[in-house]
Every structure is written in C-alpha cells, then in structure tokens.
1. For segment 62-117, what are the residues that are farther than 18 Å from ALA206 by Cα and without any contact (Cβ under 8 Å) to a residue 60 or more places away in the chain?
2. For segment 56-78, which positions are within 12 Å of LEU186 (Cβ to Cβ) and surrounded by fewer than 24 Cβ atoms within 10 Å (Cβ to Cβ)?
3. Considering (1) of a type in the set (A, V, I, L, M, F, W, C); (2) closer than 30 Å to GLU77 by Cβ; (3) at pLDDT 85 or above, say which one VAL269 fails and leave the rest.
4. Output the residues belonging to segment 100-138 that are under 13 Å from the mean Cα position of the chain (by Cα) and either in a helix (DSSP H, G or I) or surrounded by fewer than 24 Cβ atoms within 10 Å (Cβ to Cβ) (or both).
5. Name the residue, out of ILE15, ILE46, ILE21, that is touching a residue at least 60 places away in the same chain (Cβ under 8 Å), among the β-branched types (Val, Ile, Thr) and either touching a strand residue (DSSP E or B) at 6+ places or on another chain (Cβ under 6 Å) or within 20 Å of GLY179 (Cβ to Cβ) (or both).
6. Is it fair to say PRO12 is modelled with pLDDT under 85, surrounded by 24 or more Cβ atoms within 10 Å (Cβ to Cβ) and not acidic (Asp, Glu)?
Amino acid sequence: MDTLVNSHFIVPFLIAMFLAINMGGSGTGPAFSVAYGANVLKKSSIPALFGLMVFLGAIIAGKTTANTIGRGLINPELMNYAQVSIILFSISISLLVANLFGIPQSTSQSSVLAVIGAGIYFHEYNAQKLFTDIIPTWFILPLISFALCWLIGMYIYKPIRRMGYTISSRINDHYMLRGAIVFSSLYVAFSIGTNNVANASGPLAAMTMNEMGIVNHSGRLLILIMIMSTMIVAPNFGIGSSLFGEKILKNTGKELFLFGRIEAIIIAVVSATLLLLASIYKGIPTSLVQLNVGAILGIGVARLGPKNIFKKTAVRKFFLMWLIAPLIAFLLSWVLTYLADIYGYI
C-alpha cells in the first residue's frame, strides 16, 4: 500500500518538474533579455543566475500566489493525485508548444485556465476570484507597464537622449550602469520566483495537504509543505533556461526591439515591480511575459512611434501565442478531467 501511495506521489511531482523546466525556458526571456540584448551578460551565465534568483523569490515571497493556485480557484478537495497530474500536464503541454515556437508565454494564464478547466467540469470554481481579481489584473497591469514606460520614455529618457548621454560610450560602458542592468535582471528573476513557481508548487502543496488529511490551513505545517514543494520545483527553472532559453532570448532581446542599456533598466524595473506587487498584495498569478513586452513596447513607441513597433512580425506572433497556449491548457485540462472521471480515476 505504501509503495502504491508513493508511486502516486511520484507522478505529479515528475510532471511538476517537467512543467518547471518549461517555465524556466519561457521565463528566461523576460528576466534576462534586457541584459542579453544590451550585451551585458553572456548567455552561458544566464541559466545559473536565473535559477538561483527564482529559487530565492519563491522561498521568500511565493506562498501567497501558491495558495491562490492550489486552493483559491477551485475546491481544494478536488486536488488529488490524478487531478493535479492532469492540471500540471495541461500547463506543461501549452508551454511546450510556445517554447518550441520560441515565444515567451504566460505561465500564469495557462495555469489558471488549466485549474479552471477542472473546476468548470465539476461546477466548483471561484468565479469571484477569477473575474474580480485575476482577469482584470491580466489586462490592467500590462497597460500600466506600457503607460509607465511610455511616460518615462517620452519625458525622461528622450530628453536625456537628446543631450547625448545615452550614446556616450563613457556612460554606457561604465561599470555602475552595467552593474545596474545585471541587478535589474536578477530582480526580474526574483519576481518570477514570487509568482510563477506557484503554478507548479501550489497544486502540489494542495494535493499533499489533502493526502495528509489537512482540511484547513494549518499555519507552520502549510508553510513547510509549500517550502518543500518549492524546493522540488524551483531548481528546474535553471534547467529549462539552459534547454529553451537561447531562442527566447534571441526573440525578445535581439529581434523585438533593439534597446539601449538605460532603456533595459527601465524595462526590467517596471515589469518586475508590477509582478512583485501582484504577488505580495493579493497573490494574483500574473504574466511577467506580458508586463515585460508591454514595457518594451512602451519604450519603443516613445522612441520610434507606434507604426514602427506594432507592425513588427514578432509582436503579432506574441499576441497570437498568448491566445492559443492558455486555450490549449484549458481544453486539455477539461478533456482529460472528463476522461479520468469517466474511467474512475478521479
């Protein structure tokens, strides 16, 4: 019996590790594309730095978002071995599709829709949390990211650029500016840890609590389970960065918009701060990918105008994949939940 239980545990944890590898690939672009695009960091050093900061972010400030994914969207009693495996597998496939196309994808949106797919099948999901908090945040925060970077670009960056500071090799090659770019990239990776690791660790923690017979939140025990799940999931982000990161770094760092080093810092700080606030304030699973691209577009429009930015092929591909991948996660989760229910696995 113990062997059977342990084997049941292994399956969702293995899928969660596979998911984390895909999230690591998808998250590398938003975290380090600014540093890579500005030629400050070599791509060979990025996976280790990315994995370390994601882990720290998840351990220090990731519990609230993990609780939202694991227990806040659907009835947590539904989170058994089979259902958690289905949810994590559905998210993984949607992200794998995006990674194969080299498009950084919203892990959070795929995760939320995969969980909701199961909740809709059983008619047990938190509609108020979904429609009042999460979905509005998905639309509002990227617009805020765009607006902030557009304002900074128009009224701070452009005047500085006209004075010649941004093209000064002495300023651009200064060690303090290079260090600021590296710090801002690490800050983004930390913010990813506070939010995106929860997409895998949240369902795992909910499943573990159910199997241990813990119905209500249980203080220190809940925190311990969250930490253990995080310690299994987070290191795999670095592996995913190694496997998938190069193509995504090229798409976001080199092809979308050739930004300078000062612009890189603005993009990183704005997007990471908005994600961190979403994680800490209400534990809302949010897309750093879209915050980051919104910031890049805001700077780009301020500098080059909208026609030169929105007509780029890369931008159109991004928007299309952002629609397709979450729908894949939702439909796959619903269909697999239906099949598992029919055949008595749930």
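1. LEU100
2. Of everything in segment 56-78, just one residue is within 12 Å of LEU186 (Cβ to Cβ) and surrounded by fewer than 24 Cβ atoms within 10 Å (Cβ to Cβ), namely LEU56.
3. For VAL269, the exception is condition (2).
4. Within segment 100-138, THR107, SER108, GLN109, SER110, SER111, VAL112, TRP138 meet the criteria.
5. Answer to the selection: ILE46.
6. Judged against the criteria, PRO12 is not a match.
The values are calculated or read from the model by the stated rules, or taken from the named source; none is laboratory data. Keep in mind that what you see is a predicted model, and the values were worked out from it rather than measured. Note that each Cβ is placed from the backbone with ideal geometry, even for glycine, and that neighbours are counted across all protein chains shown.
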